């Protein structure tokens, strides 16, 4: 498959991120931020350090192929209250932007590597969670392959859809 790596997202990466959001396989699950200005408004605060979410590009043999973000659930009060996962839990969200890499194991490899190298690098992080749409079977399978287990389903008030809370505890 090649070597999976990560690097922090920079402002000059935002056009690429916006382009990925326009691709059909991404747009199906990441419906918001269709306009470039929306992408800048949402992600720039994290890039410049005004928001605690950490943003990264997923690299395959040093070429950008996707996006991944992590955050402490407790940094977002409404989300923490909705999930009730407790202290020391990080969240993660990702997308594979390149359509020819979807279904090739890149997602599960990226999730596994990112959780080990980035999320669990913080010693006080006890677990990592994600909440893919319940209909997104490919994402659910990728998280399962990366060692996550389904905890429960819930309706996300932001989109009104059923999501599956998946969790991987630090070993």
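The values are calculated or read from the model by the stated rules, or taken from the named source; none is laboratory data. Small disclaimer: the values here were computed from a predicted structure and weren't measured. Cβ atoms come from the backbone with ideal geometry, glycine included; neighbour counts cover every protein chain shown.
When each of 96, 47 is tested for being under 27 Å from residue 150 (Cβ atoms), touching a residue at least 12 places away in the same chain (Cβ under 8 Å) and in contact with a helix residue (DSSP H, G or I) (Cβ under 9 Å, 6 or more places away or on another chain), the lone residue that passes is 96.
For segment 116-128, indicate whether the set of residues that are free of Cβ contacts under 8 Å to residues at least 60 places away in the same chain and within 19 Å of residue 2 (Cβ to Cβ) is non-empty. Yes: segment 116-128 contains one or more residues that are free of Cβ contacts under 8 Å to residues at least 60 places away in the same chain and within 19 Å of residue 2 (Cβ to Cβ).
Residue under question is residue 151, and the condition is that it be modelled with pLDDT of 95 or more and either part of a loop (DSSP other than H, G, I, E, B) or closer than 18 Å to residue 94 by Cα (or both); does it hold? Spelling it out, it is not the case that residue 151 is modelled with pLDDT of 95 or more and either part of a loop (DSSP other than H, G, I, E, B) or closer than 18 Å to residue 94 by Cα (or both). Counting only residues that are in a helix (DSSP H, G or I) and over 15 Å from the mean Cα position of the chain (by Cα), segment 1-24 holds 10 of them. The residues of segment 133-148 that are in a loop (DSSP other than H, G, I, E, B) and in contact with a strand residue (DSSP E or B) (Cβ under 6 Å, 6 or more places away or on another chain), listed by number, are 134, 147, 148.
Could you look through segment 52-74, keep only residues that are under 16 Å from the mean Cα position of the chain (by Cα) and without any contact (Cβ under 8 Å) to a residue 24 or more places away in the chain, and pick out the one that is surrounded by the most Cβ atoms within 10 Å (Cβ to Cβ)? So, considering only residues that are under 16 Å from the mean Cα position of the chain (by Cα) and without any contact (Cβ under 8 Å) to a residue 24 or more places away in the chain, the one surrounded by the most Cβ atoms within 10 Å (Cβ to Cβ) is 71.
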